[in-house]
Each structure stands twice: as C-alpha cells, then as structure tokens.
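Inspection log for the structure reproduced underneath, given as structure tokens.
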Amino acid sequence: MAPAQALSPRAFVMLLLLACMFGGNHVAARFALDHGMDVASAVAVRSLATATVVAVIVGLYRVPLALTPRHRKMMPLIALLVGVQSLCLYSAVARIPVGLALLAFNTYPLWTAAAVWAIYGHPPERAVLIAMPVILLGLALALDVSGAASGLGLQAQWLRIGGGVGFALVAAACFGLVLALTQHEVADLDGRLRTALTMGIVGVLALLASLAQGGLHWPDAAAGWWGLALLTLLYGTAFTIMFTLLPKLGVVGNSPILNVEPVAALALAWLLLGQSVSMVQMLGALLVVGTVMVLGLRRR
C-alpha cells in the first residue's frame, strides 16, 4: 500500500472541525436527553434528517442506485447494527460523562480486528495485538475503574459508571462488526449511497421503536430543544462535509485524526455541562486516543 499523502493545512483543520462536530453532537444529545427526550426519539430525528441530507447529495451527484444481491442482503444487517450502536452510544452518553462514553466506544478497532478474525479467519495484525493492552490500560485510567480518582472506591464507582460503560462497549462491538462487514461485503458500494441507506433504515427503526413506546418524546425545556437542534445540525453537517468536501481535499472520511473526537467531547462537556475529569483520567484519555491514531496512521 502506498504511503498516505501528507495532509494540507486546510484538510487538517477540516478534520479537526469534523471531530469537534461529532463530539459536539454527543454533548448536544446530553442536553436533549436531560430535558425530556428519550434515546430512540433522538436517534430517529438525527438519523432521518441525516438520511435526507445525504440522499439529496446522492441525487445531486447522480450516484448510481443499482445494488447487487450481496448489497441487498448485507445492507439491512449493517443498518440494524448501526441502529443498535446508535441507541447504545446515546444510552451511554445519557448515563456517564460524554467524553468517557466516547473513549469506551473508541475501543472499536479492537472489536473490528476480533470480528475480522472470527468471521473471515484473518488474525489480528501484530500492531493491533501490541496496541490492545495499551488501549485497555488507557481506558482503565480514563474510566477510573478502581474509583481512586473519585474517592468512591471500586464498588461505588462501578455502580455509578457500570451501565454507561456497558452500553458504550456494546456500541463499540457493533460498530467494529459494521466496519468488518463493510470492508469485506459492501466496500464497492458508493459511500454516499451506503450512508443514505443506512441512516434511512436506522431512522425508520428508531421511529418504530419510539412509536412502540407511545410515540416520540420531545424535549420539555428550551435547553432540550436547543440540544436536539444542535445534535441534528452537527451530525448532518459533519456527514455532508465528509462526503463532499473531504474527497476534494484528497482525504478519506475515516481519517485517524477524527479519533480526537473524545478529547473534543471532554473539553466541550467541561465547558458546557460542567463534567470534569482528573489529570490521571485525562492521561488515560490521551493514551487511548493516541494509540488508536497510531493504529490508523500505520502503513499496511
């Protein structure tokens, strides 16, 4: 594989902006979830709005709509997994500090490697095996698994964060499986069409889940409405930029620089939600993010 092309300053800034947008989407979601909105409703609104935006892009660029039998078989499964991932990640964000939920989710490269090994028989690369304990150590520090930084102790700390961490790890496992299936089953499908289909199916599934629970639950305060508007705007805008501007800058949408999202979320959550972490937890966060970025930047 040829070495990756050096990023231009404009592309680098654009990627950092995208990471902040994706991180800000989850901070905004916390406002909506704290003020009357439930997880399924938030996912439905965000996904359907994003699907609409990307579908317009598909139409404007006249992306071919033909699907092979493999595409028609795998896309519903991939969309279902993305739906579970979205519900679980927002459930994690609702329960624990936003940045920590995203850090636990950032273990998805390990889950991807495990899925590729289990399904396709390709063992993890040596770099992934080396990175695994480093990521897990960083995550343990960031989550303060022993309760030392919080002063709560092991049992009380896990009573406080256990549910949120569990949801985040399930989201990471689902996303890892999505990446494995995407790489091996539908990589030849245009990314814009793939995203429009995925977000559309996820939005419909989340809407059905909301209706099964009595209908959409809207925010009950102004802060919640602002949160809903911002999470939809940030998520939709980030995806639009990813599939329109980034290719023109010679950048792929899954650039490792996007993995600074948890750090951006930690900063935004501290400023807007008053969620703070200790220096040890911040060190763990940087260890996780740095290791994931090294994995993404390595030559293969």
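The values are calculated or read from the model by the stated rules, or taken from the named source; none is laboratory data. Just so it is clear, the structure is predicted and the values come from calculations on it, not from any experiment. Cβ: placed from backbone, ideal geometry, glycine included. Neighbour counts: every protein chain shown.
Table for the structure above
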{"read-out": "Test: residue in segment 198-216 that is assigned to a loop (DSSP other than H, G, I, E, B), surrounded by 22 or more Cβ atoms within 10 Å (Cβ to Cβ) and touching a helix residue (DSSP H, G or I) at 6+ places or on another chain (Cβ under 7 Å)", "value": "no"}
{"read-out": "Complete set of residues in segment 53-70 that are in a helix (DSSP H, G or I) and either in contact (Cβ under 8 Å) with a residue 40 or more places away in the chain or touching a strand residue (DSSP E or B) at 6+ places or on another chain (Cβ under 6 Å) (or both)", "value": "Val53, Val54, Ala55, Ile57, Val58, Arg70"}
{"read-out": "Complete set of residues in segment 182-197 that are part of a loop (DSSP other than H, G, I, E, B) and crowded, with 18+ Cβ neighbours inside 10 Å", "value": "Val186, Leu189"}
{"read-out": "First in segment 110-134 and within 17 Å of Val292 (Cα to Cα) and without any contact (Cβ under 8 Å) to a residue 12 or more places away in the chain, second anywhere and part of a helix (DSSP H, G or I) and not charged (D, E, K, R), Cβ under 7 Å, 6 or more apart", "value": "Pro124/Ala113; Pro124/Trp117"}
{"read-out": "The lone exception for Ala104 - which of (1) under 19 Å from Leu177 (Cα atoms); (2) modelled with pLDDT of 90 or more; (3) surrounded by fewer than 15 Cβ atoms within 10 Å (Cβ to Cβ) it fails", "value": "(3)"}
{"read-out": "Residue match in segment 222-230 (condition: touching a residue at least 12 places away in the same chain (Cβ under 8 Å), touching a His at 6+ places or on another chain (Cβ under 7 Å), within 23 Å of Met21 (Cα to Cα) and not in a helix (DSSP H, G or I))", "value": "no"}
{"read-out": "Some residue of segment 146-164 being out of contact with any helix residue (DSSP H, G or I) (no Cβ under 9 Å at 6 or more places or on another chain) and under 23 Å from Asn259 (Cα atoms)", "value": "no"}
{"read-out": "Test: residue in segment 250-266 that is under 27 Å from Asp38 (Cα atoms), of a type in the set (Asp, Glu) and at pLDDT below 95", "value": "yes"}
{"read-out": "Contacts under 9 angstrom Cβ, first residue in segment 76-103 being closer than 12 Å to Thr198 by Cα, partner buried (at least 24 other Cβ atoms within 10 Å of the Cβ) and of a type in the set (D, E, K, R), 6 or more apart", "value": "Ser86/Arg46"}
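To keep it simple, each residue is scored yes or no on (1) assigned to a helix (DSSP H, G or I); (2) of a type outside the set (A, V, I, L, M); (3) within 13 Å of the chain's Cα centre (by Cα).
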| position | (1), (2), (3) |
| --- | --- |
| Arg72 | yes, yes, no |
| Ala79 | yes, no, no |
| Val93 | yes, no, yes |
| Pro109 | yes, yes, yes |
| Ile130 | yes, no, no |
